[in-house]
Amino acid sequence: MAGQYWRAAGITYLQYANICGTHVRNCLKEPFKAVAKNREGFISNTVLYKNGKEASTIVLNAELLQKEVLTKKN
Amino acid sequence: MNSASKLFVALASPANQRNMATLKDLKIRLGTVKTISKLTKTLHMVASSKLRSAEKKAEESGPFSVGPQKILGAVTSSDAFNTTTEAPVEERSGKQLLIAITTDTGMCGPVNHQIIKTIKALLKDDGKQEILVSTTGLKGVAPIVADYPNQFLISGRDFGKADYSFPEVLLFLNEIISKVPNYDSALVVYNKFKNALSYNVDRQFIPGFNLLELNRDKFYEYMTSEDRAATMKDLSEFHLASSFWTGLYQNRASEMAARMVAMDNASKNGESISQALGLQYNRARQAMITSELIEIVSGASAIESSD
């Protein structure tokens, strides 16, 4: 079966969709690119819990997304 | 005497018989109530202006969940696990994901309370600790962690503060899924927006990959490219993302509507309290002036008569 090499590499569909979306946004021409970048800007904290206590925090922002896109590409 | 003025009777301390301190206290109370009313009025205005855009977005995001819902709506319960003896295609995690959408800030009526009540009811029925909960927003964390600490996975803070963004949603969901890769099913719980005055808790069932495979006879009419099982897995994750996305916007609209109503009531209450307080203050002031005048006049007449 050809096709989903990305799943074999341990990428979920959500990550796959995110990576595709990021690349499409990066391919936009300038006035639209800035608009898309503005629209998709975000920053939030994701707190992981263990036994009802805060265990660790992940900051979700554009850098994390870019990092994910780049590391998965290599 | 109405309830508002009864509230402040206790303030009159017996040591201050000339009412000076009571008068000052009353004035301070009056100022506080007026300031709070101004605040709630502002919040009301902010919420009502935000409601319009939130409502529009909730409407616009609706159609995106219709497609997967139409296809996967055929599977609405995880009964297939109990009725079949067939081994699941992938190893079962035996976990159900519960994603509750709550808000970061309060003062929005029963929006969060309704969600938490629904989730606690679900957790109560779940004896084997199969359900794992995640929330967006701070308001859902404390009540659930207090009662079910071991079943709480992840919470988002400042999630979609300015506006929700799809990459953020995908990253967030991916964090959840990476903890439970083969979820049996997922449930998104949110407030469905009806109109500015009404909203109610709604839940969206998302069958997991194994569940879809056990129900594969329901999907024979669909043609898929190449690997059918992989397509099903993608579809399940996609359905999760799109349901979550729709839920977020529905909940945001409900939150704004609830906040608008709650803050409107609060400023109305504040107004009536400040009115009652103003009346009480003026009466006390008048009484003080009158009694002082009487004292002066009677004192003067006493001096006059002694002459």
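What follows draws every value from the coordinates through simple rules; no lab data is involved. Because the structure is a prediction, the values reported are computed rather than measured. Using ideal geometry, Cβ is built from the backbone for each residue, glycine included, and neighbour counts are taken over all protein chains shown.
In which sequence would B:239, B:113, B:44 go, from the one with the fewest C-beta neighbours within 10 Å to the one with the most?
With the fewest neighbours first, B:239, B:113, B:44 line up as B:113, B:44, B:239.
If you put +1 on each Lys and Arg Cβ and -1 on each Asp and Glu Cβ, how big is the dipole of the range B:209-307 around its Cα centre, in Debye rounded to 20? Spell out each step's value before the answer.
On the way: 9 positive and 14 negative charges, 51 e Å.
About 240 debye.
With just the Cα atoms of chain B, tell me how far they stretch along each of the three principal axes, in Å, largest first.
Principal extents (Cα only, largest first): 119, 39, 28 Å.
With just the Cα atoms defining each centre, how far is the range B:232-307 from the range A:1-36? Give it in Å.
Cα centres, the range B:232-307 to the range A:1-36: 51 Å.
Return the inverse of the average 1/r over all pairs of distinct C-alpha atoms in the range B:112-191, which is the Kirkwood hydrodynamic radius, in Å to one decimal.
13.5 Å is the Kirkwood radius here.
Too long at a 32 Å Cα-Cα cut-off: which of B:41/B:139; A:33/B:139; A:67/B:95; B:41/B:192? Spell out each step's value before the answer.
Working: B:41/B:139 23 Å; A:33/B:139 35 Å; A:67/B:95 30 Å; B:41/B:192 26 Å.
The pairs that break the limit, which is 32 Å between Cα atoms, are A:33/B:139.
With +1 assigned to the C-beta of every Lys and Arg and -1 to the C-beta of every Asp and Glu, and no other charges, what is the dipole magnitude of the protein assembly as shown about the Cα centre in debye, to the nearest 20?
800
Just B:69, B:96, B:280 to compare: in a GNM of chain B, with alpha carbon springs under 10 Å, which one fluctuates most?
Maximum among the listed residues: B:280.
Mind sorting B:26, B:98 by how few other Cβ atoms lie within 10 Å of their own Cβ, fewest first?
Ranking B:26, B:98 by Cβ neighbours within 10 Å, fewest first, gives B:26, B:98.
Could you calculate the FRET efficiency of residue A:6 with residue B:283 from 1/(1 + (r/R0)^6), where r is the beta carbon distance between them and R0 is 51 Å, rounded to 0.05? All intermediate terms of the calculation are to be shown ahead of the outcome.
Numbers: r = 77 Å, r/R0 = 1.51.
For R0 = 51 Å, the calculated efficiency reads 0.10.
Using Cβ contacts closer than 10 Å as the measure, can you line up B:148, B:222 from fewest to most?
In order of increasing Cβ crowding within 10 Å: B:222, B:148.
For residue B:56 and residue B:292 in the same chain, what is the full-extension length gain: residue separation times 0.36 nm, less their Cα-Cα distance, in nm?
Details: separation 236, 0.36 × 236 = 84.96 nm, distance 6.28 nm.
Answer, rounded to one decimal: 78.7 nm.
Tell me which lysines have Cα within less than 17 Å of residue B:27's Cα, excluding those fewer than 8 residues away on the same chain?
The reachable lysines, counting only those whose Cα sits under 17 Å from residue B:27, are B:6, B:38.
Translational D (Stokes-Einstein, µm²/s) of the range A:5-73 at 4 °C and 1.567 mPa s when Rh comes from the Kirkwood sum over C-alpha pairs?
My calculation gives 93 µm²/s for D.
Once the mean 1/r over all distinct Cα pairs of the range B:165-284 is inverted, what Kirkwood radius in angstroms do you read off?
After inverting the pairwise mean of 1/r, the radius is 18.0 Å.
Projected onto the charge dipole of the range B:28-69 (+1 at Lys/Arg Cβ, -1 at Asp/Glu Cβ, origin at the Cα centre), which of B:44, B:30, B:65 gives the Cα projection farthest towards the positive end?
B:30
From Cα pairs below 8 angstrom and at least 6 apart in sequence, can you work out the relative contact order of chain B, rounded to a whole percent?
Once normalised by length, the contact order is 30 percent.
Contour minus end-to-end for residue B:66 and residue B:303, with contour as 0.36 nm per residue of separation and end-to-end as the Cα-Cα distance?
76.0 nm
Sort out for me the Cα centre separation of the range B:96-158 from the range B:26-68, rounded to whole Å.
23
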